[in-house]
Amino acid sequence: MSALEDSMENVGMGEYCIVKSGDNDPKGNCSNTDKLKIVGLGSCVGVAIFKPKENIMGLAHIMLPKKQGDGDKDKKAKYADKAIGILVDEMEELSNNSPKKVAKIAGGSDMFKVFKDGEKETVGQRNIKAVRKYLKEHGVKILGEHTGGESGRTIVADPKTQEVIVKSVSGEEEIL
Amino acid sequence: MILLVELEDLNPLNKLVNESVKQVSEDLTQMTSMETHSKISRISQIDIEEFGEGLTSNQRVASFVQISGDLEGFLIILLKPDSAKKVANSMLADMGMQGDKENDEFNEMEKSALMEVGNILTSSFVDGMANASNSEINSSPPQFANDMVGAILDPALSMLAEETETVISMDSELETSEKEIEYRVFLFTNTNTLEDFIEKL
């Protein structure tokens with residue numbers, strides 16, 4: 001990882017962040033409004049939602065598909081259903097000039113073949129399905145996707161260019 | 001941090017982990033022909049999502065084992081790629097075989113040797129804990145990965161997060177006498193099963 005990326009703010013597991021380029025008041029679990037990264041995604045999925053005309057970006061580090069049972073201890077972006085709802089709602093609160101939102105997603109790999117009791121899919125596969133489902137339910141079109149496989153990913157998301165750079169451990173890069 | 005298990009209750013577990021790690025070092029010494037000793041062991045209760053600083057993009061070679069029964073969780077051994085090469089080649093040399101020292105990638109023989117390290121190490125660790133507590137603990141066959149630390153650890157933490165808010169992290173470091181090779185061993189266990197397990201100690 002470059003020195004520039006080292007200094008970027010990381011969105012940790014179960015966290016989210018919403019930034020508007022040029023505005024110094026980010027929402028969620030971050031303090032700056034520039035590019036953000038998620039380091040070492042395995043089965044987790046990084047979801048970046050953009051409002052392209054307004055340079056607004058929401059980035060969530062999702063661990064699991066959907067909350068089972070009650071309780072309010074969870075971080076807001078731990079589950080795909082809750083995280084995507086929060087990103088969409090809070091991005092609207094920040095500006096409702098243009099309703100159009102698009103998403104780019106990465107992660108959900110099968111690092112290891114481990115399954116929860118009673119499940120036929122890995123947690124990575126379940127995460128990808130859930131993210132696609134809840135984005136669709138909120139009317140957010142997926143413009144770029146780098147998901148599945150058996151390798152980890154680090155992503156860097158830019159609110160200005162709406163690019164998501166996906167990096168592998170071998171240094172390969174792909175721009176979504 | 002939510003403490004579901006009082007910290008003093010972890011003392012017998014800490015003792016047990018130290019004994020298991022000692023056994024692991026002896027087995028590693030025998031298996032790799034390199035004197036290996038335990039450097040440090042930490043046992044802590046962590047909020048799963050607070051584990052962020054441990055999830056880096058550093059490259060590591062891993063042997064990953066799921067444990068089930070009276071104690072549920074994951075045992076993950078991490079090695080730097082160059083250390084993993086040395087361990088694999090040392091084991092292969094003992095069997096009269098040669099690995100691929102020139103290539104950074106791991107061939108099937110080297111992967112197999114490293115998974116055997118995972119197998120032996122897991123058996124030492126898990127059997128030690130099961131015997132001391134008169135419990136039944138099963139372990140899955142080890143799986144290999146050569147990737148980012150974050151990507152290696154997050155499936156285990158995510159799966160545990162489906163059941164519990166916090167996990168017990170047993171984090172041990174072992175090294176060879178010349179500090180040429182360092183092993184990092186993580187045991188993440190489900191706090192719910194751990195309470196019953198501790199009572200048996």
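Quick notes on this one:
- Residue count for the stretch A:30-63, restricted to those that are within 14 Å of chain B (Cβ to nearest Cβ) and more than 13 Å from the chain's Cα centre (by Cα): 1
Matching residues to (1) in contact with a Lys or Arg (Cβ under 9 Å, 6 or more places away or on another chain); (2) within 12 Å of another protein chain (Cβ to nearest Cβ); (3) under 24 Å from B:Ile76 (Cα atoms); (4) among the small types (Gly, Ala, Ser):
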{"position": "A:Asp81", "(1), (2), (3), (4)": "yes, no, no, no"}
{"position": "A:Ser95", "(1), (2), (3), (4)": "yes, no, no, yes"}
{"position": "A:Pro99", "(1), (2), (3), (4)": "yes, no, no, no"}
{"position": "A:Lys113", "(1), (2), (3), (4)": "no, yes, yes, no"}
{"position": "A:Val123", "(1), (2), (3), (4)": "yes, yes, yes, no"}
{"position": "A:Lys129", "(1), (2), (3), (4)": "no, no, no, no"}
{"position": "A:Glu137", "(1), (2), (3), (4)": "no, no, no, no"}
{"position": "A:Arg153", "(1), (2), (3), (4)": "yes, yes, yes, no"}
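- Where A:Ser170 falls short, out of the listed (1) within 11 Å of chain B (Cβ to nearest Cβ); (2) over 19 Å from A:Met8 (Cα atoms); (3) in contact (Cβ under 8 Å) with a residue 24 or more places away in the chain; (4) not hydrophobic (A, V, I, L, M, F, W, C): (3)
- Restricted to the stretch A:83-114, and to residues there that are of a type outside the set (Lys, Arg) and in a strand (DSSP E or B), the residue that is surrounded by the fewest Cβ atoms within 10 Å (Cβ to Cβ) is A:Val102.
Yes or no, residue by residue, for (1) part of a helix (DSSP H, G or I); (2) touching a residue at least 24 places away in the same chain (Cβ under 8 Å):
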position: B:Lys15; (1), (2): yes, no
position: B:Glu19; (1), (2): yes, yes
position: B:Gln23; (1), (2): yes, yes
position: B:Thr29; (1), (2): yes, no
position: B:Ile40; (1), (2): no, yes
position: B:Gln45; (1), (2): no, yes
position: B:Ala62; (1), (2): no, yes
position: B:Leu75; (1), (2): no, yes
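- Residue list for the stretch A:129-144, filter: under 23 Å from A:Glu90 (Cβ atoms) and outside any loop (DSSP other than H, G, I, E, B): A:Ala130, A:Val131, A:Arg132, A:Lys133, A:Tyr134, A:Leu135, A:Lys136, A:Glu137, A:Lys141, A:Ile142, A:Leu143, A:Gly144
- Residue count for the stretch A:158-167, restricted to those that are under 27 Å from B:Glu105 (Cα atoms) and touching a residue at least 12 places away in the same chain (Cβ under 8 Å): 2
Here's the yes/no breakdown for (1) under 17 Å from the mean Cα position of the chain (by Cα); (2) at pLDDT below 85; (3) not aromatic (Phe, Trp, Tyr):
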| position | (1), (2), (3) |
| --- | --- |
| B:Met31 | yes, yes, yes |
| B:His37 | yes, yes, yes |
| B:Ile43 | yes, yes, yes |
| B:Gly52 | no, yes, yes |
| B:Leu55 | yes, yes, yes |
| B:Ala62 | yes, no, yes |
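- Options B:Ile40, B:Ile67, B:Ile46: the member that is in contact with an Asp or Glu (Cβ under 7 Å, 6 or more places away or on another chain) and more than 9 Å from chain A (Cβ to nearest Cβ): B:Ile40
- Annotation note: of B:Asp147, B:Asp171, the sole residue that is under 20 Å from A:Ala106 (Cβ atoms) and either among the charged types (D, E, K, R) or surrounded by fewer than 21 Cβ atoms within 10 Å (Cβ to Cβ) (or both) is B:Asp147.
- Taking the conditions (1) over 30 Å from B:Asp104 (Cβ atoms); (2) buried (at least 19 other Cβ atoms within 10 Å of the Cβ); (3) more than 12 Å from every other protein chain (Cβ to nearest Cβ); (4) not β-branched (Val, Ile, Thr) in turn, A:Ala77 satisfies each one other than (3).
- Meets criteria (hydrophobic (A, V, I, L, M, F, W, C), outside any strand (DSSP E or B), away from chain A (no Cβ under 14 Å) and farther than 23 Å from B:Ser169 by Cα) for B:Met91: yes
- Check on B:Ser68, of a type in the set (Ser, Thr, Tyr), outside any strand (DSSP E or B), in contact with a strand residue (DSSP E or B) (Cβ under 7 Å, 6 or more places away or on another chain) and surrounded by fewer than 21 Cβ atoms within 10 Å (Cβ to Cβ): no
- Filter result (more than 20 Å from the chain's Cα centre (by Cα) and either of a type in the set (A, V, I, L, M, F, W, C) or buried (at least 18 other Cβ atoms within 10 Å of the Cβ) (or both)) within the stretch B:107-125: B:Met109
The values are calculated or read from the model by the stated rules, or taken from the named source; none is laboratory data. Please read these numbers as outputs of a predicted model, since none were measured by experiment. Because the Cβ atoms are built from the backbone with ideal geometry, glycine has one as well, and the counts that use them run over all protein chains shown.
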